[in-house]
Amino acid sequence: MSHWIIAPVVLPAILAPIIAFVMRYDISLARTASFAGTIALAAICFGLTVAAAGGETVSYELGNWPAPFGIVLVLDRLSAVMLLLTSVLALVVLVHAVATGWDARGRHFHALFQFQLMGIFGAFLTGDAFNLFVFFEVLLIASYGMMIHGGGKVRLQAGLQYVVMNLAGSTLFLFALGTLYAATGTLNIADLAQRVQGLPVEDAALVRAAAMMLMIVFAIKAALFPVQFWLPATYSNAPAPVAALFAIMTKVGAYAIIRVHTVVFGPDVPVLSGVVGDWLMPVALVTVAIGAVGVLGASRLMPLLSFSVIGSMGTMMVAVAAFTPATTAAALYYMVHSTLSAAALFLLADLVLARRNGDRLRAQLPTVQNGLFAALFFAGAIGMAGMPPLSGFLGKLLILDAMQATPQMTAAFVAILLGSLLTIVGFARAGSVLFWKSTGLAPAEPAPNPDDGEPQELADAPAPAGVMSVAPTVAALALLGGLAIFAGPVSAYLGAAADQLYDSSGYISAVMGQGTEG
Amino acid sequence: MTNGGSLLPIIALLPFLGALVPGLMIRAGRNACATFTAVPTIAALAMLGVLTPDVMAGEVLKAEIEWLPQLGLSASFFLDGLGLLFAFMILGVGLLITLYARFYLSGDDPMGQFYTYLLLFQGAMLGIVISDNILLLLIFWELTSLSSFLLIGYWKHLPEGRQGARMALAVTGSGGLAMIAGMLILGNIVGSYNLTDILAAGDVIRASDWYLPALILILLGAFTKSAQFPFHFWLPHAMAAPTPVSAYLHSATMVKAGVFLMARMWPALAGTDAWFYIVSITGLITMVLGALIALFKDDLKALLAFSTVSHLGLLTMLLGFGTEKAAIAAVFHIINHLTFKAALFMTAGIVDHETHTRDIKRLGGLAKFMPITALIGTVAALSMAGIPLFNGFLSKELMLEEAAHTAWYQNDWIVPALATLGALLSVAYSLRFIFHVFAGPARDDYPAHPHDPPFGMYAAPALLCVLVVAIGVLPGLAYPMVKVAAQAVTGQELNFYLKIWHGVTPALIMSIIAVVGGALLLGLHRPLARAWNAAPRPEAKAIFDALISALVRLSRGVTDGLHNGAISRYLAIFVVSTVGLVYVAFSGGTLSPPTREMLPVPPVVAVGYVLLIASALLVVLNHHNRFRALVLIGVIGLMISAGFVYLSAPDLALTQISVETVTIMLLLLALHFLPKTTPRESSVGLRLRDGVIAVAAGAGVAALAMVFLLRDFDPISDYHLANSYEGGGGTNVVNVILVDFRGYDTFGEIIVLGIAGLTIFALMEALLSGPAARRLRNTDYSRDRSRDRHPLMMVVATRAMLPIAVMVGVYIFLRGHNQPGGGFVAGLVISIALLMQYMASGFGWTQTRQRLEYHTMIGWGVLIAALTGVGAWLGGAPFLTSIYGYIKLPLIEKFGLGSAFAFDLGVFLTVLGAVMLMLYSLSRIARYAGETVNVEPMDYDPSGKRELKKPEGE
């Protein structure tokens, strides 16, 4: 049995404490270790993605206990893609954090960063519902630590809301797991799938309640209406690299819905009819609207970006909620895109805001490198709004095309296209004020009054961003371009991942096949 | 060439690759920059030239590169007559504009950027006309919106430029989005996104139920792009762009994209009543309205802009007629409009450039100062007016001819009448362009002294004028091109002639009426303009701006209203929706009857319940007094522990008690720095609401628990009971589950604890380096402090207890695998002992006596646990596989030892380290708050032998 599957969890779990207690007085040492670890993780995740390409679902029984009695890790195409995406994003974010010096603005950045990765990887790999809860906790507490990295009143306030909302979600998660265990007697996902499918119809109430609770729990993570409230303040006030890394955190929730609500509570399970499918779609549609309206109405840059993340989560979940292999494949493509484009925008926003007085959308004297930032913002906005030539457009086409075969086609078309329009207009307004209008101000004119209540203080003459500071943003945008150019092979992989997902018998036999006699 | 199609992707790609160059070449100077911009265009033109003979011979060249087969998107291109015509127009005019812009742009304008945008736009346009896949076409379509946004907003320091760019993007962008929907539906009807397939499937499309939605959505795209009424208003505002941009976008390219699309989709979509009425009515209204507004515009470019709107309406109307002759007229007029309109825009640019004004009221008599420009302008404007011997006349005749026998709803005079009116107005504004700008007496109050520009600047429009006259005199020149393009539009073999004299036809009469009427109208222009300006008119920009800002205000209101920052509200929404949704889900299924009996409630248990419920209620009532609330929470925790004992879960009870103790102690320490009471912040109504929500949620959870506690189920835990000793080496199943069966969960949980410790530490460091530290220092906590900080009794008692507590901890740790206990509880027990020590004797004193560093403890804890897991790899077993055996040491009994023991040690260390790090962080805050550090354990030396050192501040 190959132990590589668990490497994405064990490697950061070992590295992080070493960084925390051996290297905590030397930032260079910590950076080196963090880089080495993240690069190794990216290589491992790439290897796993290649390994999963064959289509075999691999299960790894921790402690050598047979499923469902011990905990299993499961690697299939879907988890592999999530791992790869996370590790690539992590590398991009790490370069930015180091190049801009964010990591040195508080304690334990790199340790928390590695722990964060560990939590995310663990959540993507696990084949056990309770273990998913554990890793939700790991990534929640690590993300809270990272979110408040560097401190500051507003950030701490937002951080509190973030952690409170998510702890409420964790509580509900426990209720859900308790109910599920009481209804089925197991928490192994494959075993759950078997038992739920075999459940008599007259005994469905408990499982239905559990499925709904789990959906709400995951919806909190995925920032879907009506539990999206934590996101704008969190993303707006988190340190930029952290906000960029958080682009994957919403996807953890989406992933959990995709995984649990197809394998366990699949659309074809009779006892669950009308539980999730009926509700997830309207929820996703409203989320698209909230995101788009938020982008258009934003008066600050960071909330604008945050709402665009909500909108893209909504778009993605519209496709997920249709629960067909084609829509899921489209959703996965869009998810990869949405993660990278959100990251690009948050990293760029950091570069810009470090040279501006506050993130309020109004004209100020142009910053250094105004042209460069404007070009990058244009590209990032194109990505987020889903315009060509970047991958968002293809993602949106994939989703819309796949939605044509579903009964919710009209609603999906209207929501996604109108949402795109509002997003485009919102981004155009913001970009034009930030980067164009500023050029109309005469340099002699005294700078506008400093923003009220803005935590940031502007240095006398902000230095131009160096190559290494800009590189991560450019890299993220280039990845979007690459994703568009290589849409064919990427989409083929994701399509295969979706097919694998909907053929849950492969998953079940991979996990349960070896140990049922034990 | 047999394989000519392979050139097509290269042609499509060239402008995009070329776009990278000007931005760099500007460093070599403006001429180099312009030259290098022309290179890709010329190269593409040359390749197109190579392909022309094949296309003219009726061949359709194709090339296909697979891109995203799952979607049906491929990078496939094809070139037929229509594509060829447009490609020539786009590239040819692009080249002329490159030349013209070199002289037009001033030294202050970033020319490299300009040419980059221009090439991007050119590439996008070119892509539209040679795409053989409608999804690919959509990509290029949206790219034109984006690149035109950059071009229109090129003068980014001018508000008009920015607003015009945004308006164009919003209008054409929304049309583009509608078109996406339409194209997807169209593809779904046909079963292919391949344009060739779609064009061949016209009958299937028109018979489909989805035909009308697809048609309307696609037409929305075309109408917005081609500025058809009521979406025409963006075009004049796009005139804020530099004139070369206007000349390019509004003569040959951007606005023609919509017309192109209608022509392209003609075989698939035309031929129905819906198409006929929607398209021709829209076109005719646009034509008349555009011409009418154009007549009263004083800004030269605005006049041309509205005349463009009008001519686009003409083209749309012709395509809407849906007859072959109309298609021929449309194709021919596309060519003619391009030649005279580009020339006119450039002329307007020259006038603006030389006189520094575009206001017709301030111009006139320019013919004397700039004769060449006047000649060019006059020729082009006469063509626009449709005067014989200029090419505009020919296509206008064809148009009027078609209009003359077109009936709307059996009414056969309205179309000819309105078409004549449009032509009449067109004559009027064209003549106005000539007479009010160039003719008339010379003035001496021009803002700048006018003269003809350098050759480079008028070369391009002059060349176009040559074409205007050449085609006007010898229409046969354009015949092959028109024929092949019109055949491509209609998809049929066409036989026709282009000639000047058709005899006295209705069209000629209408034309004469138009010319005479137009001239008369111009004569009456002054009073008419006065009336026009006095009449109230809807101002499109004001409406659009109001609409957008209303939308923004609404959005802002909705967003701010929803996200008001109150966590209580967010939680309320979360709880209400959860209760509601779970109830709906639950009640959608049925439930089998309970299988268990309710148990009797013994008096002791009843007391426990009462205590539990009462303290919970008291917490709610007393939460404003934080200390009291904390005490009550302690009671709740203890009652829960007692519950665990009663329900035979000693491990849980032990853990609960120790967790409870540690938390309460840490909270007590933290309370010191917090206000003693919680202010009342919410109204009675709000509290009532929250109360109802809380009770509903609590009742829901209780009901759910009740439901599943009353029913038997078949859990997997039998396996754990059976295998605990055999496979896990321990008789305490709970512990074996924790460190072995589900050791991975525990591994995760200790990491959570470790991260919490690190986070609290980091948070404290951040706090103490921020403004909070100042507030801490300035707050006077002295009144809250006990005068006897380290009471003798407590110091002595804790010190006596320490070894005992440690002993208990070790005992609990060691017995854990077989009896209730384990690393987690042990860690907590020892941390309680140490906590007590710190609280009793003070941080400073205790700290000097404790050598282990907390970070290290957490680190080692996690590492030991992880390495224990990794160790299993050496044996070829999965992570965290345990091994155990029995060891016999002298003096003591044989005992079992397993790798789980090491894992548990990791758990123990992490727990201890995390708790102590939290304590350390609290004590750091205390010292910032002015707490003194004691060196001695007590303020009072019980031995009385020496004077105590004065406590000193940090």
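Laboratory data are not the source of any read-out in this text; all were calculated from the coordinates shown. Being a predicted model, the structure only gives us computed values, none of them experimental. Ideal geometry is used to build each Cβ from the backbone, glycine not excepted, and the neighbour counts take in all protein chains shown.
Once every Cα of region B:307-523 carries one equal point scatterer and solvent is ignored, give the base-10 log of I(q)/I(0) from the Debye formula at q = 0.16 Å⁻¹, two decimals. Debye curve over Cα of region B:307-523, log10 I(q)/I(0) at q = 0.16 Å⁻¹: -1.03.
One quarter of the convex hull surface built on the alpha carbon atoms of chain B amounts to 61.2 nm², the projected area averaged over directions. Each residue of region A:113-122 is assigned a 3J(HN,Hα), and the resulting list reads 4, 5, 4, 4, 4, 4, x, 5, 4, x Hz, derived from the Karplus form 6.51 cos²θ - 1.76 cosθ + 1.60 (θ = phi - 60°), x at Gly and Pro. Centre-to-centre separation between the Cα atoms of region B:420-486 and those of region B:321-395: 3 Å.
Projecting the Cα positions of B:237, B:67, B:88 onto the charge dipole of the protein assembly as shown (unit charges on Cβ atoms of Lys, Arg, Asp and Glu, taken about the Cα centre) puts B:237 furthest along the positive direction. Considering only B:378, A:176, B:55, the residue lying farthest towards the positive end of the dipole of the protein assembly as shown is B:378, judged by Cα position with unit charges set on Cβ. Under the criterion of Cα pairs below 8 Å and six or more residues apart, the relative contact order for region B:603-661 equals 29 percent.
Using R0 = 25 Å, the C-beta based FRET efficiency linking residue A:278 and residue A:499 works out to 0.55.
With Cα atoms as the point set, region B:756-888 shows a radius of gyration and Dmax of 20.4, 64 Å. The modelled label-to-label distance for the pair residue B:726/residue B:504, using points 7 Å beyond Cα in the direction of Cβ, is 11.5 nm.
For the pair residue B:609 and residue B:196, label points projected 7 Å from Cα toward Cβ lie 8.1 nm apart.
May I ask which of A:153/B:156; B:368/B:541; A:437/B:301; A:396/B:301 have a Cα-Cα span longer than 28 Å here? Beyond 28 Å between Cα atoms: A:153/B:156; B:368/B:541; A:396/B:301. Computed over region B:635-763, the P(r) tail beyond 24 angstrom holds 59 percent of alpha carbon pairs.
Pairwise Cα separations in region B:333-395 fall into 10 Å bins from 0 onward with the following percentages, short to long: 23, 49, 25, 3.
For chain B, the longest principal axis of the Cα atoms and the long axis of helix B:273-295 meet at an angle of about 70 degrees.
So what's the angle, to the nearest 10 degrees on a 0 to 90 scale, between helix B:684-709 and the longest Cα principal axis of chain B? Between the helix axis and the principal axis of chain B, the angle is about 70 degrees. Each Lys or Arg adds one and each Asp or Glu subtracts one; over the other residues with Cβ under 11 Å from the Cβ of residue B:771, this totals +4.
Between residue B:802 and residue A:2, what FRET efficiency follows from the Cβ-Cβ distance if R0 is 51 Å, with the result rounded to 0.05? Don't jump to the answer; show the numbers that get you there.
On the way: r = 48 Å, r/R0 = 0.95.
After rounding, the FRET efficiency stands at 0.60.
List the relative contact order of chain A as a percent without decimals, with contacts defined as Cα pairs under 8 Å and 6+ residues apart. Value for chain A: 17 percent. Charge tally around residue A:125: other residues with Cβ under 15 Å, Lys/Arg +1 each, Asp/Glu -1 each, net -1. Hydrodynamic analysis of region B:720-831 uses the Kirkwood radius over alpha carbon pairs. Inserted into Stokes-Einstein at 4 °C and 1.567 mPa s, it gives a translational diffusion coefficient of 73 µm²/s.
One equal scatterer on each Cα of region B:92-155, no solvent, Debye formula: the resulting log10 I(q)/I(0) at q = 0.13 Å⁻¹ is -0.38.
Could you work out how much longer the chain between residue B:368 and residue B:595 gets when fully extended? Use 0.36 nm per residue separation minus the Cα distance between them, nm to one decimal. That pair, residue B:368 and residue B:595, stretches by 71.0 nm at full extension. How high is the relative contact order of region B:307-523, given as a whole-number percent (alpha carbon pairs under 8 Å, six or more residues apart)? Relative contact order for region B:307-523 comes out at 31 percent.
Rounded to the nearest 0.05, what FRET efficiency do residue B:526 and residue B:207 give with R0 = 45 Å and r taken as the Cβ-Cβ distance? Could you check? Write down the numbers at each step before the final one.
Values: r = 56 Å, r/R0 = 1.24.
That pair, residue B:526 with residue B:207, gives E of 0.20.
Could you size up the charge dipole of region A:43-156 around its Cα centre, putting +1 on the beta carbon of Lys and Arg and -1 on that of Asp and Glu, and report it in debye to the nearest 20?
On the way: 5 positive and 6 negative charges, 126 e Å.
That gives region A:43-156 a dipole magnitude of about 600 debye.
Positive-end ranking of B:485, B:319, B:462 along the dipole of region B:307-523, with charges on Cβ about the Cα centre, is headed by B:462. Taken about its Cα centre, chain A carries a charge dipole of roughly 1100 debye when the Cβ of each Lys and Arg holds +1 and the Cβ of each Asp and Glu holds -1. Scanning chain B for trypsin sites (Lys or Arg not before Pro) lying in DSSP loops with no more than 10 further Cβ atoms inside 10 Å, the longest uninterrupted stretch between such sites is B:1-595.
Residue A:465: net charge of surrounding residues, Cβ under 14 Å, Lys/Arg +1, Asp/Glu -1, itself excluded?
Details: positive: A:355, A:356; negative: A:350.
After counting each charged neighbour, the total is +1.
By the Stokes-Einstein formula, at 0.692 mPa s and 37 °C, chain A with its Kirkwood radius over alpha-carbon pairs has D equal to 142 µm²/s.
Against the main long axis of the alpha-carbon atoms of chain B, helix B:455-473 sits at an angle near 60°.
Taking the Cα centre of the protein assembly as shown as origin and charging only Cβ (+1 Lys, Arg; -1 Asp, Glu), how large is the dipole, in debye to the nearest 20? Numbers along the way, then the final one.
Values: 79 positive and 81 negative charges, 767 e Å.
So the dipole magnitude of the protein assembly as shown works out to roughly 3680 debye.
If you wrap region A:374-415 in the convex hull of its Cα atoms and look at it from every side, the mean projected area works out to 3.0 nm². In plain terms, if you count all Cα to Cα distances in the protein assembly as shown and split them into 20 Å steps from zero, the share in each step is 9, 33, 30, 18, 9, 2, 0 percent.
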